[in-house]
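The values are calculated or read from the model by the stated rules, or taken from the named source; none is laboratory data. All values derive from a computational prediction rather than experimental measurement. No Cβ is skipped: glycine too gets one built from the backbone with ideal geometry, and neighbour counts run over all protein chains shown. Side chains are part of the model used for accessible areas, which takes the heavy atoms of the whole protein and leaves out ligands, DNA and RNA. Shrake-Rupley method; radii C 1.70, N 1.55, O 1.52, S 1.80 Å.
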2 protein chains.
Amino acid sequence: MSEARNRILETATRLFYTEGIHTVGVDRIIAEAGVAKATFYHHFPSKDELVSAYLTTEYERQRGALSALPGEGVERIRTIFAKLAELSDGPGFRGCPFLNAAAEFADPAHPVRTIVGDYRDWFRGLMRSLLAEAGRADADRTAEFLLLLRDGVTVSGGLGDSTTVHTAVETAVGAVL
Amino acid sequence: MSEARNRILETATRLFYTEGIHTVGVDRIIAEAGVAKATFYHHFPSKDELVSAYLTTEYERQRGALSALPGEGVERIRTIFAKLAELSDGPGFRGCPFLNAAAEFADPAHPVRTIVGDYRDWFRGLMRSLLAEAGRADADRTAEFLLLLRDGVTVSGGLGDSTTVHTAVETAVGAVL
DNA sequence: ACTCTACCAGACAGGTCTGTCTAGTCTCAT
DNA sequence: ATGAGACTAGACAGACCTGTCTGGTAGAGT
């Protein structure tokens, strides 16, 4: 992986996440990453490709972070949601990058939306398999609810209702599991 | 209320909701509303003012729609969420206009974010008062969860997981209430 | 030694954005 | 009938957008 490419992607990640995708221009990324414009377009054929790379990287990062968490079955789910609530309460949290991106790209056929869909499918599948592992008969329905809960946690956390998210999550997870 | 102003606001509502706020330009709204540019700026001093008007109107509309629903206490909450799930399954649904707007306006101090905050405060308060009316001791915590659930429903529904939202909501509402 | 690749700086094109301004029409109340 | 206010059409300014292109530097592999 090239050094300049890394800088571009990291700068884009920071700016896209904290300020939004449409509002951050390529010139700004170039300036803050300290690269030439030609270098930018050498690594990323278009801004859209950079956006896709941003979300794909984020997808892999989150998959890695959740895979590293301990526990099995339902206990693992509890751990995941506790972590999620903790993150959404932290400084600099501005919601889920995938949901924010989806809100900015209205066309469901856009590549960005495909990545968002992939992420959600993965999360839903993870919940389902953990529930099935615990021998829960209603795995499908409950997994769907947990995905929905995940959305709610990140959205609420991102809009500033961070402290109350903890108790809300405990209520929900406790009631359903 | 002026006829031209109405046309502008309705066109903006349609375009902002279905395509996003930043992606829709003033010129496009003017063309589709069939008004002159001077007329537009006569009624709305800036695009931001139009955006605020769009969200304020939407706020009032939703408040009116929910107030019209029947029932009392917990039963009313069930009705509200059933309606919400139904809407989020309908054609042309593209998520919650407030959450979508908040994702596009990253600055928490922006007027748009204030309106979004107002809307959420109102919904939370409505839930709390309905729970208190039913004599629930945990009204605060449960209201917080119901706001979170509302977020999840609109987000999931807007991203195409519409049919499964119904059962997920039933599961959640049933478990908590 | 030579070439290839990554990198730099920055001008440029062509388009779109918001917002202003000129100039003129129509309606209605006084 | 005159003046105010809402409207129309559209040119214009100035900023910003993405993406291309020129021209040049430095290091690494063959």
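Here are some notes:
- Flag set for A:Pro45, criterion: within 13 Å of DNA strand D (Cβ to nearest atom) and either open to solvent by 20 Å² or more (accessible area, probe 1.4 Å) or in contact with a Phe, Trp or Tyr (Cβ under 8 Å, 6 or more places away or on another chain) (or both).
- Top-ranked residue of the stretch B:48-83 - restricted to ones that are of a type in the set (Asp, Glu) and open to solvent by less than 80 Å² (accessible area, probe 1.4 Å), ranked as farthest from DNA strand D (Cβ to nearest atom): B:Glu58
- Beta carbons closer than 6 Å, at least 6 apart along the sequence or on distinct chains, pair a first residue in the stretch A:23-49 that is of a type outside the set (S, T, N, Q) with a second that is open to solvent by 70 Å² or more (accessible area, probe 1.4 Å) and within 7 Å of DNA strand D (Cβ to nearest atom) for A:Ile30/A:Lys37.
- Which numbered condition B:Thr23 fails, given (1) hydroxyl-bearing (Ser, Thr, Tyr); (2) within 14 Å of another protein chain (Cβ to nearest Cβ); (3) more than 10 Å from DNA strand C (Cβ to nearest atom): (3)
- Search result, residues across the stretch B:33-45 that are near DNA strand C (Cβ under 8 Å from one of its atoms) and part of a helix (DSSP H, G or I): B:Lys37, B:Ala38, B:Phe40, B:Tyr41
- Filtered residues of the stretch A:16-32 (kept if in a helix (DSSP H, G or I), surrounded by fewer than 20 Cβ atoms within 10 Å (Cβ to Cβ) and out of contact with any Phe, Trp or Tyr (no Cβ under 7 Å at 6 or more places or on another chain)): A:Thr18, A:Glu19, A:Asp27, A:Arg28, A:Ala31, A:Glu32
- Residue ranges of helices (runs of 4 or more DSSP H) in the stretch A:65-177 with at least 3 members within 11 Å of another protein chain (Cβ to nearest Cβ): A:97-104, A:111-133, A:139-158, A:162-176
- Residue within the stretch B:154-176 that is open to solvent by 10 Å² or more (accessible area, probe 1.4 Å), in contact with a Lys or Arg (Cβ under 7 Å, 6 or more places away or on another chain) and over 16 Å from A:Leu149 (Cα atoms) present: no
- Any chance A:Thr114 is open to solvent by 70 Å² or more (accessible area, probe 1.4 Å) and either out of contact with any Ser or Thr (no Cβ under 9 Å at 6 or more places or on another chain) or modelled with pLDDT of 95 or more (or both): yes
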